[in-house]
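The values are calculated or read from the model by the stated rules, or taken from the named source; none is laboratory data. Just so it is clear, the structure is predicted and the values come from calculations on it, not from any experiment. Glycine also receives a Cβ, built like all others from the backbone with ideal geometry; neighbour counts cover every protein chain displayed.
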Amino acid sequence: MHVVMDSASRASRHGAVSATSAAPGGREDTSRVGPNTLIQTLAVVRDRRGPGWAQYVSSHARLPDPLPRTMVDERAFGALVTQLVSEFGVDQAEEYLSEAGARTGEYVLRNRIPRPVRAVLPRLPRSLALRALLRAVGAHSWTFAGSAGFESRVRPEGGEFTLTPSFVCATAAADRPMGSYYARAMEVLVRALVAPHARVAEQACIATGSPCCRFSIVLAPSRTPLVEPLEASCALS
């Protein structure tokens, strides 16, 4: 089954990116991400801390005011994450980013995945539904991962995906994984379209020295994501 996300996301890409350059292997160097990376993250700060803090963080991260509704340079999201860590610490920043990822996933469900797809995928065998979803996410990964390459694999009990390299995590050196935004966004999609009790967890992160950010997808509610050795964390074959 081939899942096609709403054409508005493709149109916004071509309207916002004026030039691209070829990356090794022929892949476009897509260094822009969707505006929800900024909009939803600042909305969480506003809800948790108040509008004054949201304005303060936005100003010190040197974000545009008002926030754009078209694609933005991934470095703006990196600057926002760096500012969150600076002001609130790693744990609080990750909590905010996790909630922002969940809100982004909900936005994608409402606005970027056609209603027939939302109706059909949950009725398919879970492995087939997950494969279709990951294929669609991979085709549109530039909207949230920017210049990072996206790879995925489906297993009987779930699956996994990697971002290589994640610009945001690479700019946020920390003693713990920093990819909760991506994990929660994917978790919202998987729970709505594949398995309602699914969990997504980051197993390795560039922020802590891994060569990639790797995420596990566990579909059964009783299964616990396995933390694998760092040196094997990017091998999906």
**Message:** Given the criteria of a type outside the set (K, R), in contact with a Gly (Cβ under 6 Å, 6 or more places away or on another chain) and at pLDDT 95 or above, does L134 qualify?
**Reply:** no
**Message:** I need the full set of residues from segment 110-134 which are surrounded by fewer than 16 Cβ atoms within 10 Å (Cβ to Cβ) and within 25 Å of V168 (Cα to Cα), in order please.
**Reply:** N111
**Item:** Candidate set from segment 193-237 (those that are among the β-branched types (V, I, T), assigned to a loop (DSSP other than H, G, I, E, B) and surrounded by fewer than 19 Cβ atoms within 10 Å (Cβ to Cβ)); member that is modelled with the lowest pLDDT
**Value:** V227
**Message:** Looking at segment 78-103, I want the residues that are within 21 Å of V200 (Cβ to Cβ) and have a partner that is at pLDDT 95 or above and among the charged types (D, E, K, R) with Cβ atoms under 6 Å, at least 6 apart or on another chain. Which pairs are those?
**Reply:** S98/R184; G101/R184; A102/R184
**Request:** Restricting attention to segment 161-171, report how many residues are surrounded by fewer than 23 Cβ atoms within 10 Å (Cβ to Cβ) and either acidic (D, E) or in contact with a helix residue (DSSP H, G or I) (Cβ under 6 Å, 6 or more places away or on another chain) (or both).
**Result:** 4
**Asked** Quick one: R62 ticks every box in (1) more than 17 Å from A183 (Cβ to Cβ); (2) of a type outside the set (S, T, Y); (3) touching a residue at least 60 places away in the same chain (Cβ under 8 Å) bar one, so which box is it?
**Response** (3)
**Asked** Among all residue pairs at least 6 apart or on different chains, which show Cβ distances below 7 Å where the first residue, located in segment 127-138, is over 18 Å from R199 (Cβ atoms) and the second is crowded, with 16+ Cβ neighbours inside 10 Å and among the aromatic types (F, W, Y)?
**Response** G138/F150
